[in-house]
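Take a look at the structure below.
The values are calculated or read from the model by the stated rules, or taken from the named source; none is laboratory data. Keep in mind the model is a prediction, meaning the values are calculated, not measured. Quick reminder, even Gly has a Cβ in these numbers, built from the backbone with ideal geometry, and neighbours come from all protein chains shown. Ligands, DNA and RNA are stripped out before the accessible areas are found, and what is left, the full protein with its side chains, is counted by its heavy atoms. Shrake-Rupley method; radii C 1.70, N 1.55, O 1.52, S 1.80 Å.
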Amino acid sequence: MTILIVTHSKDNDAPVSVARALESRGERVYRFDTDLFPTTVQLSLDERGAGRLSGPAGELPLEDVTAVWYRRNSTGSAIPQDLDAQLRRPSVEESRRLVFGMMSALGVFQLDALEVIRRAEHKPLQLKLARALGMEVPRTLMTNDPVAVRAFAAECPGGVVTKMMASFAVYDEQGREQVVFTTPLTSEQLEDLEGLDLCPMTFQERLVKAVELRVTVVGERVMAAAIDSQALPRAREDWRREGQALIDAWKPYTLPEPLHAQVLRLMDALGLNYGAFDFIVTPEGRHVFLEVNPSGEFMWLMKHPGLPVDEALADVLGGRAARRLAPKPLTGA
């Protein structure tokens, strides 16, 4: 019996750490680096959902798979870039369809299933559910309408920040990565919003912060850590700007019991077995929900402050801890 880890060959050490934790529990692990498919790895699948994976990690009969950790996907990335675009696009698409079709056809527990992740990624849904559960959420507007943005900003006396619903980066002429961070809007920028007709953005009220939280949930296990993002000027609006400088400064944090319960109920509503939550804690002690990332990183938290995320993942994947098998509708706050 084998637990399948689906990732890519340039991933960080998370798959290695989780594989080690699984193997210490007597589980067999097979790592499927999706960037090697279809150029190096072979995958065969028949009408029964049976088949095999074969590649640098060896051979895996699919009937041996008992659980899947869907971590990352880079299927088709090694297909030559100079291949005619009319041929490369369908080659990548067919490859992706086979990989995702294989995971669906396996009929085993997945942490988490692609369709569950895709639904849970929707920020408007997250905010609506969190609010319905009684969490405090920031006033938010997602739009491409400049007039609506200016009206919204007028209702936010503390100012407005802007962000994107998806994490991404742009690259300058030297190929350097420029990550798009949460950014406060100036009055001049509020008057110059014509770019919204090409790309909508998210606008939120600007909140004063005491600390920021990353709350990692695996199954029923809730692990919280806090960072003093106000310690460095460039980190005050978005701690990721100084992520490396602050990496040793994360500390354990105990959530208030009502919030602990609300976090688990939101995981139930989304059907997630893994989620990385972001919260702001204000100077008055209010905990404000920002988002939950169904595929958020966690390796730095295993070092500082030492959260056992890999152990928790291994317990759920190996069936030693409770699993969520489907989203649960809300039945009241």
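Name every residue in segment 44-79 that is aliphatic (A, V, I, L, M), open to solvent by less than 20 Å² (accessible area, probe 1.4 Å) and within 27 Å of the chain's Cα centre (by Cα), in order of residue number.
LEU53, LEU62, VAL65, ALA67, VAL68, ILE79
State the number of residues belonging to segment 177-206 that are within 23 Å of the chain's Cα centre (by Cα) and of a type in the set (A, V, I, L, M).
Going through segment 177-206 one residue at a time, the tally reaches 3.
Of ALA78, ALA57, which residue is among the aliphatic types (A, V, I, L, M) and out of contact with any strand residue (DSSP E or B) (no Cβ under 7 Å at 6 or more places or on another chain)?
None of the others qualify; the one that does is ALA78.
Residues checked against (1) part of a strand (DSSP E or B); (2) in contact (Cβ under 8 Å) with a residue 24 or more places away in the chain:
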| position | (1), (2) |
| --- | --- |
| ASN12 | no, yes |
| PRO15 | no, yes |
| LEU22 | no, yes |
| ARG31 | yes, yes |
| GLY49 | no, yes |
| ASN73 | no, yes |
| GLN81 | no, no |
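So, TRP250, is that one crowded, with 20+ Cβ neighbours inside 10 Å and within 19 Å of LYS163 (Cβ to Cβ) or not?
Criteria not met by TRP250.
Any idea which of SER91, SER95 is assigned to a helix (DSSP H, G or I), over 27 Å from ALA276 (Cβ atoms) and open to solvent by less than 20 Å² (accessible area, probe 1.4 Å)?
SER95
Taking the residues in segment 123-151 that are in a helix (DSSP H, G or I) and in contact with a Ser or Thr (Cβ under 8 Å, 6 or more places away or on another chain) as candidates, determine which candidate is most open to solvent (accessible area, probe 1.4 Å).
LYS123
Does segment 265-272 contain at least one residue that is open to solvent by 10 Å² or more (accessible area, probe 1.4 Å) and under 22 Å from SER104 (Cα atoms)?
yes
Taking the stated definitions as given, is ALA113 surrounded by fewer than 17 Cβ atoms within 10 Å (Cβ to Cβ) and either modelled with pLDDT under 95 or of a type in the set (A, V, I, L, M, F, W, C) (or both)?
Against the criterion (surrounded by fewer than 17 Cβ atoms within 10 Å (Cβ to Cβ) and either modelled with pLDDT under 95 or of a type in the set (A, V, I, L, M, F, W, C) (or both)), ALA113 does not qualify.
Somewhere in segment 293-302, is a residue open to solvent by 40 Å² or more (accessible area, probe 1.4 Å), in contact (Cβ under 8 Å) with a residue 24 or more places away in the chain and in a loop (DSSP other than H, G, I, E, B)?
yes
Tell me which residues, restricted to segment 303-333, are touching a Phe, Trp or Tyr at 6+ places or on another chain (Cβ under 9 Å) and either of a type in the set (Ser, Thr, Tyr) or part of a loop (DSSP other than H, G, I, E, B) (or both).
HIS304, PRO305, LEU307, GLY319, ARG323, LEU325
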